[in-house]
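Have a look at the structure below before the remarks.
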């Protein structure tokens with residue numbers, strides 16, 4: 001995933017289980033933070049999306065593959081890359097890395113919804129950044 005947005009995260013005690021290994025559900029939290037920062041880096045944040053465009057992101061599907069553990073005090077990176085947009089559906093790929101070692105891969109399908117929780121197409125400015133090649 002070259003040109004991906006990267007977010008560095010330090011693993012804290014609260015992120016781990018009794019063995020000092022990151023608890024599996026916390027990778028979803030890390031991925032959520034990375035998606036939020038990816039959007040913010042492109043001039044959008046969740047309050048702006050709701051106030052200006054009346055849309056929210058919802059996760060429809062998340063497929064995670066756990067390859068290796070992260071441990072207490074590790075510095076990890078979460079990469080985020082848009083992979084496509086069709087109507088209200090957005091596909092993203094994410095990877096959690098320690099150095100160059102892949103720890104977790106995630107394939108996500110998000111759906112844009114309005115305040116009534118009905119699927120809606122992405123507004124043109126948002127569609128432009130979701131359709132942009134990685135790294136732009």
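Here, each number is a calculation from the coordinates, and none is a lab measurement. These numbers were taken from a predicted model, which means no experiment stands behind them. We place every Cβ from the backbone using ideal geometry, glycine too, and count neighbours over all the protein chains shown.
Odds and ends about this structure:
- Using the average count of surrounding beta-carbon atoms within 10 Å as a protection proxy, the listed peptides 28-34, 65-71, 92-98 rank, highest first, as 92-98, 28-34, 65-71.
- Added length on full extension, which subtracts the Cα-Cα distance from 0.36 nm per residue, residue 40 to residue 75: 10.4 nm
- The chain: relative contact order as a whole-number percent, Cα under 8 Å and 6+ apart: 29
- Principal-axis analysis of the Cα atoms of the chain puts helix 26-41 at an angle of about 50° to the longest axis.
- Which of 13, 27 has the fewest Cβ neighbours within 10 Å, and the rest in rising order: 13, 27
- Value of [θ]222 nm, deg cm²/dmol, for the chain, DSSP H segments ≥ 4, -39500 (n - 2.57) each, nearest 500: -5500 deg cm²/dmol
- Shape category assigned to the range 1-112 from the gyration tensor of Cα positions, a/c cut at 1.5: prolate
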